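Shown next, in structure tokens, is the structure this report addresses.
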Amino acid sequence: MNNSLIGMPLAAVGEVGEGFFKERSSETLGCVAHTSHLFCFEWAREHIGEYGKPALQQFEMVVISVVIGFLIAFALALLARRFRYLEPPLLAGTGILFAIPSVAFFLLLLPITGRGRETAIIALTAYTLQIIFRNVVIGLDNVPASVKDAARGMGLTARQILWKVEIPMAVPEIIAGLRIATVSTVAIATLAVFAGGGGLGTQILGEANLQFPTTIVISGVIVILMALSFDVVLLTIQRVLTPWRRVRAV
């Protein structure tokens with residue numbers, strides 16, 4: 001997608017340009033001409049390869065944003081655990097960031113960070129903070145006091161209890177937060193096109209796509225499959241990190 005489309009009205013972005021119909025077979029042209037059709041299989045078969053690069057761009061943005069967001073949110077949660085008075089303002093601050101409309105967030109950052117993937121990653125990272133922070137705090141708070149007392153009785157220090165007892169037992173809540181944050185980031189990353197960040201949004205807001213739903217359907221299916229794939233990976237990681245839950249289930 002041409003970056004100049006970012007500043008165009010959505011109605012203009014959705015207009016079908018003459019170039020959209022060039023170099024098409026007669027069969028495909030007949031399908032494309034009827035823009036009321038929900039899905040044009042002929043067009044999809046000819047152009048599915050065009051979605052590889054945008055999908056990879058979106059995948060990279062999601063991974064980078066979630067990893068950075070997790071590191072920041074995890075550090076903030078540990079800080080809030082040590083200094084309890086920090087938890088309410090941190091929760092409120094991350095909540096404010098999460099409440100900013102995504103398109104507005106991207107556009108607000110443009111004068112500061114400029115257009116590009118970095119701007120998109122900053123906004124996407126901000127959206128992950130509240131979900132991950134809250135779940136890490138909840139996970140640590142849900143560790144039974146009796147378990148921590150038993151660990152102290154075994155001679156473990158506060159730091160050892162944190163890393164060897166509390167965090168491992170909080171893994172299900174932490175992974176649950178990561179799952180929600182990752183899936184939502186996959187969806188929001190589609191709007192990174194407004195910041196010039198690329199991704200599948202370039203296919204959704206192409207020169208004819210608002211009036212030709214096939215491109216929107218293809219992009220939507222890829223986004224859903226990407227979200228499901230991330231979710232399966234995170235569930236697998238949780239299963240590996242919590243073997244005692246499998247034993248308890250048996």
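Relative to the compact-globule estimate of 2.2 N^0.38 Å, the Cα radius of gyration of the range 72-172 comes out at 1.37.
Scan the range 41-113 for chymotrypsin sites (Phe, Trp or Tyr not before Pro) in coil per DSSP, keeping those whose Cβ has at most 12 other Cβ atoms within 10 Å, and list them by number. Can you show the working numbers first?
Working: sites: Phe41, Trp43, Tyr51, Phe59, Phe70, Phe74, Phe83, Tyr85, Phe98, Phe105, Phe106; in loops: Phe83.
Those satisfying the criteria are Phe83.
Can you pull a Stokes-Einstein diffusion coefficient for the range 114-250 at 20 °C (1.002 mPa s), Rh from Kirkwood over Cα pairs, as a whole number of µm²/s?
Numbers: Rh = 17.6 Å.
For these conditions, the coefficient is 122 µm²/s.
As a calculated quantity, the FRET efficiency between Trp163 and Glu118 at R0 = 35 Å, using C-beta atoms, amounts to about 0.60.
Suppose the chain between Ala150 and Leu56 were pulled fully straight at 0.36 nm per residue; how much longer would it get relative to their current alpha carbon spacing? That pair, Ala150 and Leu56, stretches by 29.1 nm at full extension.
How do 188-195, 62-69 rank on mean C-beta neighbours within 10 Å, highest first?
On the way: 188-195: 25.6, 62-69: 20.1.
Per-residue Cβ counts within 10 Å, averaged per peptide and sorted highest first, yield 188-195, 62-69.
For Met61, Met169, Met154, Met226, write out the residues from largest to smallest accessible area, computed with a 1.4 angstrom probe and no ligands counted.
Numbers: Met61 0, Met169 75, Met154 150, Met226 25 Å².
In descending accessible area the options line up as Met154, Met169, Met226, Met61.
Heavy atoms of the protein chains alone define the surface here; on that basis the range 110-250 has 47 Å² accessible area per residue at 1.4 Å probe size.
Sorted by packing (mean other beta-carbon atoms within 10 Å per residue), highest first, where do 197-205, 171-179 land? Let's see the in-between values first.
Numbers: 197-205: 24.6, 171-179: 20.0.
Put in order of decreasing packing, that is 197-205, 171-179.
With only the Cα atoms considered, the range 51-107 has a convex hull volume of 78 Å³ per residue.
Based on the mean of other Cβ atoms within 10 Å per residue, sort peptides 108-116, 133-141, 217-225 so the most packed one is first. Present the calculation step by step, with values, prior to reporting the outcome.
Numbers: 108-116: 13.3, 133-141: 20.8, 217-225: 17.4.
Ranked from most to least packed, the peptides come out as 133-141, 217-225, 108-116.
Rounded to the nearest Hz, the phi-derived 3J(HN,Hα) couplings of the range 46-53 under the Karplus curve 6.51 cos²θ - 1.76 cosθ + 1.60 (θ = phi - 60°) are 6, 10, 4, x, 6, 8, x, 5, where x marks glycine and proline.
Around Glu166, with a cut-off of 10 angstrom between Cβ atoms, what is the net charge of the other residues, counting Lys and Arg +1 and Asp and Glu -1? Don't jump to the answer; show the numbers that get you there.
On the way: positive: Arg81, Lys148, Lys164; negative: Asp141.
Here the charged neighbours net out to +2.
Coupling constants for the range 186-203 follow from the phi torsions by the Karplus curve (6.51 cos²θ - 1.76 cosθ + 1.60, θ = phi - 60°), and in residue order they are 4, 6, 5, 4, 4, 8, 4, 4, 5, 9, x, x, x, x, 5, x, 5, 7 Hz; glycine and proline get x.
If R0 equals 51 Å, the separation of the Cβ atoms of Phe39 and Leu108 corresponds to a calculated FRET efficiency of about 0.90.
The values are calculated or read from the model by the stated rules, or taken from the named source; none is laboratory data. Not measured: the values here are computed from a predicted model. Positions of Cβ are generated from backbone atoms using ideal geometry, with glycine treated the same way; all protein chains shown enter the neighbour counts. The area values use the complete protein model at the heavy-atom level, side chains included, leaving out ligands, DNA and RNA. Shrake-Rupley method; radii C 1.70, N 1.55, O 1.52, S 1.80 Å.
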